[in-house]
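Have a look at the structure below, then the notes.
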Amino acid sequence: MEKKQQENHKGQFGSNIGFLMAAVGSAVGLGNLWGFPYKMGANGGFAFLVLYLILVVLVGYVILMTELALGRRTGKGVVGAYETLSKKYAFIGWMGAIAPWMILSFYSMLGGYCIKYAIANLGDLFGAGWGVNGQDSGAFFGEFTSDMLQTVIFSLIFVILTVLVVRGGVSGGIEKFTSIAMPALFVMLVIVIIRSVTLPGASAGIEFMFKPDWSAFEGTGWITVLSVAGGQMFFSLSLGMAIMIAYGSYIPKEQSLERSALVIPFADTIIAIMAGLATMPAIFASGLEPGQGPGLLFITLQTVFNSMGKFGPIFGFLMYGLVFIAAITSSISLLEGITAVAMDKAIEKGKKPNRKKYATMLGISIAITASLVSIDGLGANGFPQFFGQSTWLDSIDLISEGILMPLGACYCAIVIPTAWVDEEVTLNGNKFRTKRFYDFCIKFVAPVMMVIILLGQLDSFFGLGMFS
Ligand code: PHE
């Protein structure tokens, strides 16, 4: 009997802290490490932070709680969960399964870049030929991204590592890995912050992030800021698709969902701010300007490490190592989100949910898409581009992060009955302390915000200037 149960079981988190490590690991990713500090600095500084926090509480918290509750109640991944609600909602589930699959293609490439850079900094430490060796970091980056074979190899290493962890299962793979990786990330982050904020001239970077700049809110500027903050929040909390529903389905029934839904955004935001303190002061201290996107991480920061003398490579290695950890704990959740869907479909057909097989098969499909995105080399290799974007990464990001995620969250807010969430949260006599707040926000605030975010995302991707 026990054996049979195990066979049909997709897995479960062993402890609440283990689940939190996995969920925070999913939330903390590339979005925190370069998206947040830059967006905060460029969109009103402290004023942006205040708005972001309000959005996290009014929208992020309630959507996260809804997704965790939906997952745990149905015990299914995103497709099965929406199908359980009604067959007519299956399409929402499929949208939620396609998005992570797409995100994995560029996430794996960027994760591969981190491995390359961690190794290159290690090389510098020993004066090895494969280091950066004081080369101009823009040239080094350009050379690397246009070396198709090399970028593909690093992306594949990243995909293989992700698959290996997911094959290990929920408690034996994901929980075990993230429970070691997240504390390690935290320690590395603290070390880099200490160095960054003590550099001469660091205060300009702190000012860039935290100085309230109300001019960003002038006229219709506040709409832009609102949608930037909202889009960032969604991506950063891994909402609007398969991830938190799948993780929710592995939470034991006796654990309190309400508390987790508070802790995850809180930890995610703290780490995003810490990431800013690790990078911005160092960038300003070196007299550089923070750029947006991959350039910030791989060109600007490497320039900083190049200028730090003999300790530069140590901090470079720590920094790229920690970004790698942040990226892989997120990519694990992305792969788990879709592996859960495949396992559900097998169970529906009366088959054994063969996790190892599905994780590997999906991993192979991602290896292919990640290789394609890598070959584009962030637009460096002259391939045709789509939707008015300049890289394949941006095109895929437009569809997944720009459209599918906010749409998925919008549907989630509208179609999941509040009674379901209520029942799930109050299981085992747990109190639902924020119930009235939850009911109000999920009905009125979240859907309106979602629409603004969706329009804002489309506006920024296509440069329509709707809000300027
Ligand atoms: N939250 C991750 C980040 O901030 C990205 C991510 C999005 C991960 C969606 C899983 C799902 O980078």
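A few remarks follow.
- When Ile103, Ile98 are checked against the criterion of being within 11 Å of the ligand (Cβ to nearest atom), assigned to a helix (DSSP H, G or I), in contact (Cβ under 8 Å) with a residue 12 or more places away in the chain and of a type in the set (Val, Ile, Thr), a single residue qualifies: Ile103.
- Total residues in region 18-27, condition near the ligand (Cβ under 8 Å from one of its atoms) and more than 14 Å from Val56 (Cβ to Cβ): 1
- Qualifying residue in region 17-26 (condition: touching a Gly at 6+ places or on another chain (Cβ under 8 Å) and in a helix (DSSP H, G or I)): no
- Among the candidates Ile338, Ile328, Ile366, the residue that is within 16 Å of the ligand (Cβ to nearest atom) and closer than 16 Å to Val28 by Cα is uniquely Ile328.
- Scope region 31-61; condition in contact with a Cys (Cβ under 9 Å, 6 or more places away or on another chain) and crowded, with 24+ Cβ neighbours inside 10 Å; matching residues: Val59, Tyr61
- Test: residue in region 328-349 that is touching a helix residue (DSSP H, G or I) at 6+ places or on another chain (Cβ under 6 Å), in a helix (DSSP H, G or I), surrounded by fewer than 23 Cβ atoms within 10 Å (Cβ to Cβ) and among the basic types (Lys, Arg): no
- Tallying residues that are at pLDDT 90 or above and more than 9 Å from the ligand (Cβ to nearest atom) within region 28-38 yields 0.
- When the helices (runs of 4 or more DSSP H) confined to region 351-468 are screened for residues that are within 29 Å of Gly230 (Cα to Cα) and of a type in the set (Gly, Ala, Ser), those reaching at least 2 such residues are found at 355-376, 405-415, 446-462.
- Among the residues examined, Ala23 does not qualify as touching an Asp or Glu at 6+ places or on another chain (Cβ under 8 Å), modelled with pLDDT of 95 or more and within 29 Å of Leu398 (Cβ to Cβ).
- Taking the numbered list (1) modelled with pLDDT of 95 or more; (2) in a helix (DSSP H, G or I); (3) away from the ligand (no atom under 15 Å from the Cβ) in turn, Lys76 passes all entries but (2).
- Which listed residue, of Val192, Val228, is away from the ligand (no atom under 16 Å from the Cβ) and touching a helix residue (DSSP H, G or I) at 6+ places or on another chain (Cβ under 8 Å): Val192
- Screening region 184-299 for helices (runs of 4 or more DSSP H) wholly inside it with 3 or more residues that are at pLDDT below 90 and either within 14 Å of Leu68 (Cβ to Cβ) or hydrophobic (A, V, I, L, M, F, W, C) (or both) returns the ranges 221-236.
- The condition (being in contact with a His (Cβ under 9 Å, 6 or more places away or on another chain) and of a type outside the set (Phe, Trp, Tyr)) is satisfied by just one residue among Pro406, Pro417, Pro353, Pro384: Pro353.
- Being among the hydroxyl-bearing types (Ser, Thr, Tyr), modelled with pLDDT of 95 or more and surrounded by fewer than 24 Cβ atoms within 10 Å (Cβ to Cβ) is a property that holds for Thr84.
- Scanning region 235-250 for residues that are within 14 Å of the ligand (Cβ to nearest atom) and not polar (S, T, N, Q) returns Phe235, Leu237, Leu239, Gly240, Met241, Ala242, Ile243, Met244, Ile245, Ala246, Tyr247, Gly248.
- Any hit, region 251-272, residues being away from the ligand (no atom under 16 Å from the Cβ) and over 28 Å from Asp422 (Cα atoms): no
The values are calculated or read from the model by the stated rules, or taken from the named source; none is laboratory data. This structure is a prediction, so every number in the text was calculated from the model and none was measured. All Cβ positions, glycine included, derive from the backbone under ideal geometry; neighbour counts span all protein chains shown.
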